[in-house]
Each structure stands twice: as C-alpha cells, then as structure tokens.
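Contents: one structure, followed by commentary.
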Amino acid sequence: MPDFDRPLAPRGEEAAPRMGAFLAGRGLVPDLILCSTARRTRETHDLAFAALPRPETQFLDAIYHATVPALLAIIRAAPADTRHLMLIGHNPGLQALALKLIGGGDPDGRREIAHKFPSAAIAAMSFDAAGWSAVQPGGGHLLFFMAPRQLPAPLSGSRS
C-alpha cells in the first residue's frame, strides 16, 4: 500500500485520543489545525479531537513529506488572527522544524526532540513575533514536549 494511504498503527490509535485529552486538560485546544491529507494524519486528527470541540481544520497536501522551508512557509501563511496553531504532519519534517524553530525554553524537551519525535508527540512553542508571517528560525520558546509514553498508561479496556 502506498505510504500516503497507510492507516494509523494500533499504537497511534491508542495514543491520539490520550494526547487530545492531554491538550484539553491543559486548555490548549488550537484555533486552527493544519493537517496533512495522508490517511494516518487525518485519523490522528479525528481521534485526538473526537471528544473535544472541533477546531477549524485545513487539510493540506503540501504538509505530506514537506521540508523545513516548506513547513515554515505554511506556518507563515496562517491567518494573522489565529492565536493557537497546530500542525499535524510527518517526520522527519516535523522533528527538523521543531529543532529549527526552538531558540529557548525547555532544554530537556529540546534534547528529547533531538533524540526522537514519536508519533502523536506534541512540541508546544510560543513566539514573540508580530504574527505567523514573522515567525523565524530560532524564534520559538519551547514550552514543553510531551510524548505519549510520558502520559499515564490508560486503564485496561479504556481508549482515553
């Protein structure tokens, strides 16, 4: 089966709703999600936000296997009135993008990202920029990095 059509693995099916619940628990539901059109990213999106109010989502072919410059251009094109933006995409692009954007913040999280950026992981950053169009490499402050393995294990038979 082509990579683009590959479904989410069972581990991702379990992790996505847990990561969505983690975001909701911290009050970090995005205003806008930019999501790859690949099957597994769409499935991650649907599972992560199944129990939450659905943020506006744009599904973009350009995120699939995008380079860091392409991902940065996608971020810079986000509407200026978007306060909290989320990208759902693929590695190695997202890992490389996160490392390129981080200029400060959580040093342990940065080391973890450099080591591995697993499926469904979240790198939350803030930017001191006039808008998304002004986001620059090194301009991000890493607030936290959370991988599914860092969350408490779900109760047996539970998906959240």
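Read-outs: derived from the displayed coordinates by stated rules, not from any lab. Keep in mind that this is a model prediction, so the values were computed, not measured. Positions of Cβ are generated from backbone atoms using ideal geometry, with glycine treated the same way; all protein chains shown enter the neighbour counts.
When you filter the trypsin sites (Lys or Arg not before Pro) in the range 60-126 for DSSP loop state and at most 16 other Cβ atoms inside 10 Å of their Cβ, you are left with Arg83, Lys116. The residues neighbouring Gly104, those whose beta-carbon lies less than 11 Å from its own, together hold a net charge of -1 under the Lys/Arg +1, Asp/Glu -1 convention.
Rounded, prolate or oblate: which one fits the range 3-148, using the alpha carbon gyration tensor with axes a ≥ b ≥ c (rounded when a/c is under 1.5, else prolate when a/b beats b/c, else oblate)? Could you put the intermediate results ahead of the total?
Values: a/c = 1.32, a/b = 1.26, b/c = 1.05.
The shape class here is rounded.
Remark on Gly105: its backbone amide H falls under 5 Å from those of Leu142, a criterion applied only to residues 5 or more positions apart or on other chains, H modelled at 1.01 Å from N. From its DSSP helices (H runs of at least four residues, each -39,500 (n - 2.57)), the chain gives a residue-normalised ellipticity at 222 nm of -10000 deg cm²/dmol. Would you please state which residues of the range 62-94 a label at Arg11 would reach in this model, taking the label point 7 Å out along Cα→Cβ and a backbone N cut-off of under 17 Å? The answer is 90-92. Here the simple spin-label model places points 7 Å from the Cα toward Cβ, and for His115 and Phe4 these points are separated by 3.6 nm.
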